[in-house]
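First the structure, in the form of structure tokens, and then the observations on it.
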Amino acid sequence: MAHSQSLAQRSGAIGGYIRLMDALSRASAYLAAVLFIAGVVVICQMVFIRYVLGMSTSWQTEFTVFSVTGAMLMGSPYVLMTGGHVAITILPDALGGTARKIMRLVAALIGLAFCAALAYASWVYVIEAYQYNWRTGTVWNPLLWPGLMPMAVGTSLLTLQYVAEILRGEV
């Protein structure tokens with residue numbers, strides 16, 4: 001982790017918020033790992049059912065899409081917190097100093113705005129899917145909102161983690 005000790009151990013409300021978001025991002029990463037493992041196990045089960053037993057499958061592909069996509073979204077706050085995301089830093093690194101800090105802050109604010117908009121739209125989608133009892137329309141045909149929930153939660157946590165990174169002062 002690239003965070004300095006002094007900023008990470010900040011006291012008061014800001015330090016408490018940063019520590020809370022870091023803890024939530026870690027917990028979200030564990031849930032992401034469980035979702036990913038579930039997707040892998042179900043793919044293995046699907047391969048066994050189809051190619052060893054010669055039977056058809058009905059729910060495995062859809063479950064895997066929801067679980068692996070959910071894993072990606074639920075893991076994104078942790079990736080942001082640890083600096084594991086892809087970043088092209090040639091220009092900010094070349095400029096250095098205040099110009100680099102300003103460019104990184106502007107990029108973080110744009111990322112925050114995008115994630116906030118995505119989180120809002122995700123929650124609208126989940127609520128509509130719940131209210132109108134939407135289903136996937138496939139052979140399995142489960143309710144849609146449980147599969148969409150990791151998208152809304154993950155993007156919300158990512159938005160809140162962006163705020164923590166900006167407050168941390170190391171964006």
Legend entry - Measure of compaction for the chain (Cα Rg per 2.2 N^0.38 Å): 1.26
Legend entry - Rounded percent of accessible protein surface that carbon and sulfur make up, the chain, 1.4 Å probe: 71 percent
Legend entry - For the chain: accessible area per residue (Å², 1.4 Å): 60 Å²
Inset, instruction - Pop a pseudo-label 7 angstrom from the Cα along the beta-carbon direction at both N141 and K101 and give the gap in nm to one decimal. - result: 6.0 nm
Inset, instruction - Starting with the highest mean, order 56-62, 66-72 by the number of other Cβ atoms within 10 Å, averaged over the residues of each peptide. - result: 66-72, 56-62
Inset, instruction - Measure nothing fancy, just the Cα-based angle from helix 12-47's long axis to the longest principal axis of the chain, in degrees from 0 to 90, nearest 10. - result: 30 degrees
Legend entry - Built amide H within the under 5 Å cut-off of L144, gap 5+: W134, R135, T136
Inset, instruction - Please list 119-127, 40-48, 160-168, 92-100 highest first by mean number of surrounding beta-carbon atoms within 10 Å per residue. - result: 160-168, 119-127, 40-48, 92-100
Inset, instruction - Rounding to the nearest 20 debye, state how big the charge dipole of the range 32-162 is about its Cα centre with +1 on each Lys and Arg Cβ and -1 on each Asp and Glu Cβ. - result: 200 debye
Legend entry - Mean separation of Cα contacts under 8 Å, 6 or more apart, over the residue count of the range 1-141: relative contact order %: 24 percent
Inset, instruction - Sort the range 110-171 into rounded, prolate or oblate with this rule: let a ≥ b ≥ c be the square roots of the eigenvalues of the Cα gyration tensor; rounded if a/c is under 1.5, and if a/c is not under 1.5, prolate when a/b is larger than b/c, oblate otherwise. - result: prolate
Legend entry - Calculated [θ] (222 nm, deg cm²/dmol) that DSSP helices of n ≥ 4 give over the chain, each run adding -39,500 (n - 2.57): -26000 deg cm²/dmol
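The values are calculated or read from the model by the stated rules, or taken from the named source; none is laboratory data. Bear in mind that the values here come from a model prediction, so they are computed numbers and not experimental data. Here Cβ is always computed from backbone atoms with ideal geometry, including for glycine, and neighbour counts include all displayed protein chains. Surface accessibility is based on the protein's heavy atoms, side chains included, excluding ligands, DNA and RNA. Shrake-Rupley method; radii C 1.70, N 1.55, O 1.52, S 1.80 Å.
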